[in-house]
1. Between D52, D45, D98, D77, which is in contact with a Lys or Arg (Cβ under 9 Å, 6 or more places away or on another chain) and either of a type outside the set (K, R) or at pLDDT 95 or above (or both)?
2. Here is a check on your reading of the model: is R101 closer than 15 Å to L36 by Cα, without any contact (Cβ under 8 Å) to a residue 12 or more places away in the chain, assigned to a helix (DSSP H, G or I) and not hydroxyl-bearing (S, T, Y)?
3. Quick one: in segment 1-31, of everything that is aliphatic (A, V, I, L, M) and loosely packed, with under 12 Cβ neighbours inside 10 Å, which residue is nearest to Q139 (Cα to Cα)?
4. Picking from A34, A80, A40, which residue would you name as being of a type outside the set (D, E) and either surrounded by 19 or more Cβ atoms within 10 Å (Cβ to Cβ) or closer than 19 Å to V135 by Cβ (or both)?
5. Going by what's in this entry, would D52 be described as in contact with a helix residue (DSSP H, G or I) (Cβ under 6 Å, 6 or more places away or on another chain), under 24 Å from A144 (Cβ atoms), surrounded by fewer than 21 Cβ atoms within 10 Å (Cβ to Cβ) and of a type outside the set (G, A, S)?
6. Quickly run through segment 1-48 and pick out the residues that are aliphatic (A, V, I, L, M) and in a loop (DSSP other than H, G, I, E, B).
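The values are calculated or read from the model by the stated rules, or taken from the named source; none is laboratory data. This one's a predicted model, so the numbers in the text were calculated from it and none came from an experiment. For neighbour counting, all protein chains shown are included, and Cβ atoms are generated from backbone atoms with ideal geometry for every residue, glycine included.
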Amino acid sequence: MLQSEQVAPDFCLPTLDGRVACRSDYRRQHRNLALLFLPAVLDHDWRNLLRDLSVSYAALQDANADALVIVNIPVPDAVALAEELELPLPVAVDERGDVTREYDVPDGAVIVLDRYGAPEEVWRPPTLPRAHDIVAAAQRSEMACPECSVTHWPVETAVHAG
């Protein structure tokens, strides 16, 4: 599994809309990326996460981020899933499972990568994030400034005059 400050391995996978999605393309565009590696069988929690993230997709994009759903199932099954859930998110097909193995996520995972390809947040089942957690991780990553040696901005606390 990816470690903090380790650059995620590159990959290129075909998407259901006929494009090829490469992890490095997001890095070249200086965009944060939420990778959603789906397990072979989606339970209620995964389905809810995908539905909620579909609703929050614009907020994710406002955080200079995108999402990529990665499935390790045959293309016809992936098409059926995307249609059933009405996913506006791009869906990439890892039919042979090479990327899933390389990322060591056989049971699924959600990984938010910063604009350099390093993990900002990682969730593995049974703990799944909610859509707002993914958006918040992308926002935190967007606010960080490694170029100026600030990896995370401090949280300000309110001071009350007594």
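1. Among D52, D45, D98, D77, only D52 is in contact with a Lys or Arg (Cβ under 9 Å, 6 or more places away or on another chain) and either of a type outside the set (K, R) or at pLDDT 95 or above (or both).
2. The answer is yes for R101.
3. In this case the residue turns out to be M1.
4. A34 is the lone residue from the list that is of a type outside the set (D, E) and either surrounded by 19 or more Cβ atoms within 10 Å (Cβ to Cβ) or closer than 19 Å to V135 by Cβ (or both).
5. So D52 fails the test.
6. Correct list: M1, L2, V7, A8, L16, L38, A40, V41, L42.
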